[in-house]
Amino acid sequence: MKNSSIKTVVAVGIGAALFFVLGRFVAIPSGIPNTNISLQYAILGMLAAMYGPVAGGLIGLIGHTLIDLSWGGSPWWSWVIASALVGVVVGLAAKKLALNEGDFGKKKVALFAGFNVLANVIAWIVVAPSLDVLIYAEPIEKVYAQGVFAAVANSLTAVIVGALLVAAYCKTIAKKGSLDKE
Amino acid sequence: MNTPIISFRDYTFQYRAQARPTLYNINLDIYPGEKILIAGPSGSGKSTLASCVNGLIPFSYPGESTGELIVDGMEAKKQSIFQLSKSVGTVLQDPDGQFIGLTVAEDIAFALENDCVPQAEMHATTKRVAGLVDVAHHLDYAPHELSGGQKQRVSLAGVMVDAVKILLFDEPLANLDPAAGKQTIELIDRIQKETGTTVLIIEHRLEDVLWRSVDRIILMDEGHVAADLRPDELLAGSLLTETGIREPLYLTALKYAGVSVTPEKKPAHPDTLVLDEADKAQVRRWFQAVQPAPAPEPKPVLLEVQGLSFGYTKDRPTLRDISFTIRKGEMVSIVGRNGAGKSTLSKLVCGFETPDSGRILLDGRDISDDNIRTRARRIGYVMQNPNQMISKTMIFDEVALGLVHSGMPADQIRARVEETLKICGLYPFRNWPISALSFGQKKRVTIASVLALGPEVIILDEPTAGQDFHHYTEIMEFLRRVNEQGVTVLMITHDMHLMLEYTPRALVFSDGRLIADKSAAEVLCDPALVEQAALKETSLFTLAGRCGIAPPEQFVQRFIDYDREVRAHGC
Amino acid sequence: MAANTVLNYLPRKSFVHQLTGTTKLAFFLLFTFASMITYDTRVLVGLMIISFAAFRASHIKLREVRFMLVFMLIFLILNNVFIYLFSPEQGVQIYGTRHVIVHLFWRYTITWEQLFYTLNISLKYFVALPVAILFISATNPSEFAASLNRIGVSYRVGYSVAIALRYIPDIQRDYHSISQAQQARGIELGKKEKLLARMKNSVNILLPLILSSLARIDTISNAMELRGFGKKKKRTWYVSRPFARNDYLVLGFGVLLLVASLVITFWDGSRFYNPFV
C-alpha cells in the first residue's frame, strides 16, 4: 500500500517532533531532585503501538538525536540507541494490539503495559548501561543505577500515561465506525 | 461543442465506514477553461466530489463507487493518484498541513523533487512559478514567517509547477482574514485568465467568491446536484436559502425592501447589479420607514484595560498602549489582520502572558497579581479549535473537569454541570462520547466547560471559523442566549457578517494598536479603516451608495435590525 | 527561521559553511566515532585541537553558542560528580596503580588515577563539543534530509527528519496554548500536585495534542501524496549542492582521523593511555 508508507513517513516525522517538544521543553518534576518525568516515552509507546516497530524505532532515534543536538552536544549514542529500541520493542506488539480496531480491553491493556515494561527494561537496564561502559568506559555502578532509575520512571510513565492516552484514543475511533448517520 | 474535461456519469460513491452513499447519481460536465463554484452546506458532499476528482478517493479514503468519472480523458478509478495529480492540482484547506517544506522554495519544488527533476531546471521552474503568485521575494522564508494568504499562494505555486489543467481549491477562504480572502479570489481569477486552466472552487462563502465572476455555480445538497446554473440565475431564485447557503447581503436587503430580483438585473455582483430609479426609490422608502431604535442605557463598566503594552521579544512590541473599557452584558468583536495582536490581547486578559506595562481592571479592581486559575473563575477563554481543548472522552466529564479541579463536592458538581448543559442545549447528550459530536457541537461543549466555572466574561477565538451558515447561526444564536443571561462576550473574528449581525461594537486592531472602537456598522462603512485593518467592506455599503442613502452606516444598521426581526420570527 | 531556532543555525560565509551538508554530516559522524572509541589521552588532545581549529574557521563566536556551552558544562560537572560518588576508585581500577593525594572520608579518597580518569572523560566531552556545535550551527537544516539521503539513508527516512524539523515549532506552539487553556481549568503539572496526579493531569494536555497531531498526520500525508511523494525510487533535492574540492579533502581527512585514532589507540592493546606505569 503506497499510502500507508507515506503515512508512516509522516507519522515518524510528527512523532519525532512530539518526542522532541516533550523531551526538550516540558519538564515535570518527578519529586527526586534534578530528575523529570519523561512524557516523551508515553507518546513513543503509544505511537509505536499504533505504527509498528520501524516507525517506533525511528521516532525514538530521530527524536532523541534531535534533543541531544539541540542541547549542543554530540548525541549520547548509547541512550539514543536505547530510545530507538524502546520504540522497536513496543512496536512489535502493534499487530496484536490492532489499536485501529478501537477496542482496548483488559487483555490489550495488559499486553500494552507488558511490552512497555519489557521495552524499557531491555533498553535502560540492559542496553544503555552496557553501551555506556563499552563506549564511554563509565563505572558500572553508576550506569546501572541510572539505568534502573530510567527503566522504572519510563515504564511508569509509559504504562500510566501511555495507557490512558491509548484508551482515550480508542474511544474516539470506536464510535466513528458505529456511526450510521449524523 | 468540445469535450468535457471532467465528466461524472451516474456516479455514486459510498465511504467504507458509512451506511449510505455520500454522493448519489451525479451527472455533471465541466468544460476546459471554465471557472466553477461548487457550493453547499457541510455534509452536502461537495468536498467528497472534489476528492473524487483529485484521486484522494478511492486511494486515501476507501469506498465503493458506481458509474463513471472521466478526468482529463482518463477514467479516474483506473489511474493512480500520481497520474491524476499531473492533471489536477489541489490546494487544500489547511495552510500549515500542506506546507511541507522548510522554506518557501522547497515547498514549491516538492513535486519536482519527487519527479527527480534535475536541480537547475527545478530552480528555474520554482522561480518562475513563485513570480506568478507573487512570492518570489520570499523564497527562503520559513512557513511561520508568512501570513495565511502567503502560505496559500505557496501552496498554489506548489501545484502549478506541473502544467496542471485543472486547479481545485478546497475552501480557500476558510483560514484567511477578509482582505487576504479577497486577494485570493483576485489571484485565482488572474491565474485562470492567464493560464486558461479549469478552476473548481469549493466554498460555502458565496458572496466572497463572487467578488470575481464565475461561469457556473454547482449547488450540492445531501449528495445531489441541487442546481447547476449561471450565478445570475441562481441568485435570482430562492434555492440558496432553501439549501442553507447565505445569499449575498445586498440581495437580502433588496428582497426585504420588496425589490424583485431577476436574472436580467445581473445580481451576481453589487457593482454590476442593474437597479432602475423605481428600485432605488423602493429601497430608500424601506430605509426611511422605521426610525432607528434608541440606544440602550449604558451599563456599569466591567472590564477596563489601561495602557497595556506587551512584546514576546524585547525590541518588538506586539501590543502598544492599548486602552478600552467593556461594560457589563456587552457583546464585542475584536477584529484586524492576523498578527495584529488580537490573540495576544486575550492572552494578557486571561493571565497567560504578563504585560510589560499597563493595568487590567475587573470591576474596578486591578487583577494584575491574580494568576491564571483565579482569573479563569471570572474570565473564561475558548480556543478556536475545540479539538485542542477537549481532554475527556465523555461530555459530562469534560464540562465537569474545571470544577473537579477546584475541589468542589461531587453533588454540587453534578448540579452545576447539569444546569450548564441545560443552558447549552446539551443536556440530552450528557452521557454521549464527545467523538460522536459534530464540530459545532464540540464547540458548544468547550463553551459549556468554560461557562460551568461561572465566569462573567468569556473571550472566544474565532467562534465560527470554517462553519457553514447553518452551524454559524447555531453557534451564534447560542452565544446570544448566553449573552442575554448576563455573560459579557468578547469575540476575536475574521467574519464580517458575525461582527455586523451579532456585535453592536467592534475593537479594531492594526499593527499592535487599537485603531478604532466604534459600532460594527460604522467600521465597515469606513473605507480607510477597512483598508488599514485588512477587513472587507460590506456590500450593503455599496448598495446604500448606489441608492443614494446617507449615512450608509444607518442603512446597514437598519438592515441588521430588520434582519434580526425576520429571523427571530422564523421566516 | 523556525527550524533555525530549533537547532540554532547561524548562517554566514565561512570555509565550514561552504562545505556541503553531506560533508559536514559525514565528518561529524566520523569524528564522533573516533572520539567515542578512544580513551587515549594523546589522541583526545589531538582531536580536540582539530575540533577547536574547525570551530575557529567557522567564524561562529563563542557567545552565540554560550547557552550550549553552559549546558554541557553543567552536564559534565554533574556527570563527573555522579561517577565519583558511585565509583571513587574507577581510575585505580582502569590504570592499575593507586597514588593517593588525600583521603576524604569513608570510601572517598582522591587519587591521581581518578583525577586523570576524570580529565579523560572531560576531554572526551570537549573533543566532540565544537564539532557537534559546528554541525548544527553551520548546516542549513534544509540540507539535513538531502545529506542523510546522500550518505545512504533512504529518502523516506530523510524526509521524516525534515518533517520533524518543519513541524517542531507548530507542535511547540500547540502544546503551549493547550497547556495554557488547561491551566485555566486548574490543571497543573507543577510541584503543587502529587506525582500520580501530575501524571494524570498530563494526559489532559497530551490527549488534545496527540489527537490534533494524528489529524495533522492525515492532512500532511494527503498533501504529500497529491504532490507525488514516494512515486519513484529516488528523488532530487532542491537544496543539495555538488561536491567541491574542499568537500573531498575534508571527507578524506575525516577518514584519516578515524583510522589514525584507531591505530594509535589499539597499538598497545588497550583503549587507555596509561602514564602511571
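Coordinate-derived values only; no laboratory data. Keep in mind that this is a model prediction, so the values were computed, not measured. Cβ sites come from the backbone with ideal geometry, for glycine too, and all protein chains shown count toward neighbours.
Things worth noting here:
- Along the axis of the charge dipole computed for the protein assembly as shown (Cβ charges of +1 for Lys and Arg, -1 for Asp and Glu, origin at the Cα centre), the listed residues B:404, C:74, B:507 are led at the positive end by C:74.
- For the stretch B:426-472, alpha-carbon Rg over 2.2 N^0.38 Å: 1.23
- Ascending count of other beta-carbon atoms within 10 Å, so fewest first, for B:394, C:224, C:48, A:46: B:394, C:48, C:224, A:46
- Taking the fewest neighbouring Cβ atoms within 10 Å as the starting point, the ordered list for A:136, B:502 is A:136, B:502.
- Working note: Cα gyration tensor of the stretch B:463-571, eigenvalues times five, square-rooted, sorted largest first, giving semi-axes of 23, 19, 13 Å.
- Choice from C:47, C:207, C:25 with maximal GNM fluctuation in chain C (Cα, 10 Å cutoff): C:207
- Size descriptor for chain B, Kirkwood hydrodynamic radius: 25.7 Å (Cα pairs only, one decimal).
- Three-way shape call for the stretch A:85-182 based on the alpha-carbon gyration tensor, with the a/c threshold at 1.5: prolate
- Dipole magnitude of the stretch B:445-507 about its Cα centre (Cβ charges: Lys, Arg +1; Asp, Glu -1), debye to nearest 20: 180
- Both the radius of gyration and Dmax for the stretch B:6-238 are 17.5, 55 Å, in that order, over alpha-carbon atoms.
- Selection from C:111, A:49, B:123, by position along the positive dipole direction of the protein assembly as shown (Cβ): C:111
- Dipole magnitude of chain C about its Cα centre (Cβ charges: Lys, Arg +1; Asp, Glu -1), debye to nearest 20: 820
- Rg/Rg_ref, the stretch C:166-226, where Rg_ref = 2.2 N^0.38 Å and atoms are Cα: 1.36
- The calculated pair-distance distribution of the stretch B:46-102 uses every alpha carbon pair, bins of 5 angstrom beginning at 0, and gives 4, 17, 29, 25, 14, 7, 3, 1, 0 percent.
- Dipole axis of the protein assembly as shown (+1 Lys, Arg; -1 Asp, Glu on Cβ), positive-most option in B:231, B:108, C:160: C:160
- Pairs of Cα atoms farther than 22 Å apart, the stretch B:254-352, %: 59
- Among the chymotrypsin sites (Phe, Trp or Tyr not before Pro) in the stretch C:1-92, none is located in a DSSP loop while being surrounded by at most 15 other Cβ atoms within 10 Å of its own Cβ.
- Overall form of chain C per C-alpha gyration tensor (a/c, 1.5; a/b vs b/c): oblate
- Calculated mean residue ellipticity, 222 nm, chain B: -11500 deg cm²/dmol, from DSSP H runs (n ≥ 4) at -39500 (n - 2.57) each, averaged per residue and rounded to 500.
- Long-range tail of P(r) for the stretch B:160-311 (Cα pairs > 20 Å, %): 63
- The protein assembly as shown: Rg to Rh, with Rh as the Kirkwood radius over Cα pairs: 1.00
- Of the residues C:149, C:204, C:140, the one that moves most in a GNM of chain C with alpha-carbon contacts below 10 Å is C:204.
- More than 30 angstrom apart: percent of Cα pairs within the stretch B:301-540: 25
- Loop trypsin sites (Lys or Arg not before Pro), the stretch B:1-68 (other Cβ atoms within 10 Å of the site Cβ: 14 or fewer; DSSP): B:16
- A Cα-only calculation for the stretch B:405-498 places Rg and Dmax at 13.7, 43 Å.
- Peptide ranges B:432-442, B:462-472 listed from the most packed, as the mean C-beta count within 10 angstrom indicates: B:462-472, B:432-442
- Of all lysines in the structure, the ones whose alpha carbon falls short of 26 Å from that of residue B:328, not counting any fewer than 8 places away in one chain, are B:299, B:342, B:347, B:422, B:443, B:518.
- Pair-distance distribution of the stretch C:139-277: all C-alpha pairs, bin width 5 Å, starting at 0; shares per bin in whole percent are 2, 7, 10, 12, 10, 10, 9, 9, 9, 9, 8, 4, 1, 0.
- Dipole magnitude of the stretch C:143-277 about its Cα centre (Cβ charges: Lys, Arg +1; Asp, Glu -1), debye to nearest 20: 360
- Once Rg and the Kirkwood radius are both taken over the C-alpha atoms of the stretch B:152-231, their ratio Rg/Rh works out to 0.96.
- Checking every one of the trypsin sites (Lys or Arg not before Pro) in the stretch B:258-340 against DSSP loop status and a limit of 11 other Cβ atoms within 10 Å picks out B:314.
- Chain B, relative contact order in percent, only Cα pairs under 8 angstrom and at least six apart counted: 13
- Cα-based Rg / Dmax (Å) for the stretch A:2-178: 16.0, 57
- In terms of other Cβ atoms within 10 Å, C:142, B:80, A:155 run from fewest to most in the order B:80, A:155, C:142.
- When the inverse distances between all different Cα atoms of the stretch B:310-361 are averaged and flipped, the Kirkwood radius reads 12.1 angstrom.
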